[in-house]
Amino acid sequence: MSKHAPDHHDADIVLKFYDLRREPVMRESRDAMVREFWPRNEAECLAVLAWDHPLNRAYRQVASYWEMVYGMAKYGVVHTDFLLESNGEGLFLYAKVEPYLAALRKASSPRAFEKAEWVANSSELGQRLVEMFRQRVKKQLGQ
């Protein structure tokens, strides 16, 4: 349900997303998820759900942030491709958890990553980005 074409409101929203990403705690959390979260199997992916896991807070903050952002695209608040041109990082996290998504949803919420999944499949750009991130994840994991 993406908007037909982006307008100045989309630009304003995307700039606000950028400002939120620069907030110090969010930046730390994003960095931790990009650099330190590399699940190699279902158990490693689900481990991050434990409250005492060192990446739990970062995971919750980053995953919920991208779900909020991608939800705005899903429901037509912001143009999907315009958003994805500068906000694909959430699809990188999605690509890391995608192989374990069924287990993750069973262990946490049936709606986990549903907006990221929608964005990954809703447009050609989303499909290209998630495929690029899948390849990066495979390379990093030596697969």
With springs only between Cα atoms under 10 Å apart, run a GNM on the chain and tell me which of Leu83, Leu125, Leu15 wobbles the most. Leu15
On a 0 to 90 degree scale, rounded to 10, what angle separates helix 8-22 from the longest Cα axis of the chain? 30
Cross-link partners among aspartates and glutamates for Lys74, C-alpha distance below 20 Å, same-chain residues fewer than 8 apart left out? Asp7, Asp10, Asp12, Glu85, Glu89, Glu98, Glu114, Glu117, Glu124, Glu131
Test of understanding: given the chain, find the longest segment containing no chymotrypsin sites (Phe, Trp or Tyr not before Pro) that are in a DSSP loop and have at most 13 other Cβ atoms within 10 Å. 76-143
Can you give me the angle between helix 24-36 and the longest principal axis of the chain, using Cα atoms only, in degrees from 0 to 90, rounded to the nearest 10? 60
Length released on extending from Arg111 to Met68, taking residue separation times 0.36 nm less the Cα-Cα span: 14.3 nm
Can you tell me the orientation of helix 56-74 relative to the chain, as the angle in degrees between its alpha-carbon axis and the longest Cα principal axis, to the nearest 10? 30
Please give the net charge around Val137, taking every other residue with its beta carbon less than 12 angstrom from that of Val137, where Lys and Arg add +1 and Asp and Glu add -1. +4
Measuring from its Cα centre, region 13-81 shows a charge dipole (+1 at each Lys and Arg Cβ, -1 at each Asp and Glu Cβ) which, in debye to the nearest 20, is 180
Rounded to 0.05, the calculated FRET efficiency for the beta carbons of Trp51 and Val77 at R₀ = 35 Å is 0.65
Accessible area of region 69-119 with a 1.4 Å probe: how many percent of it is carbon plus sulfur? 55
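Using +1 on the beta carbon of Lys and Arg, -1 on that of Asp and Glu, and nothing else charged, what's the dipole of region 68-143 about the Cα centre, debye to 20?
360
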Spin-label pair Ala43/Lys139, simplified geometry with 7 Å Cα→Cβ offset, distance in nm: 3.0
Please return the longest stretch of the chain lacking exposed loop sites, where trypsin sites (Lys or Arg not before Pro) count only if DSSP places them in a loop and at most 15 other Cβ atoms lie within 10 Å. 41-110
Overall Cα dimensions of the chain - principal axes, largest extent first, Å: 43, 31, 28
Taking a probe of 1.4 Å and leaving out DNA, RNA and ligands, the chain shows per residue an accessible area in Å² of 56
What's the magnitude of the charge dipole for the chain around its Cα centre, counting Lys and Arg as +1 and Asp and Glu as -1 at the beta-carbon? Answer in Debye, nearest 20. 380
Once Lys and Arg get +1 and Asp and Glu get -1 on their Cβ, which of Ser64, Gly142, Val130 lies farthest toward the positive end of the dipole of the chain? Gly142
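The values are calculated or read from the model by the stated rules, or taken from the named source; none is laboratory data. Please read all numbers here as calculations on a predicted model, not as lab measurements. All Cβ positions, even for glycine, are placed from backbone atoms using ideal geometry, and neighbour counts span all protein chains on display. Ligands, DNA and RNA are excluded from the accessible area calculation, which covers all protein heavy atoms including side chains. Shrake-Rupley method; radii C 1.70, N 1.55, O 1.52, S 1.80 Å.
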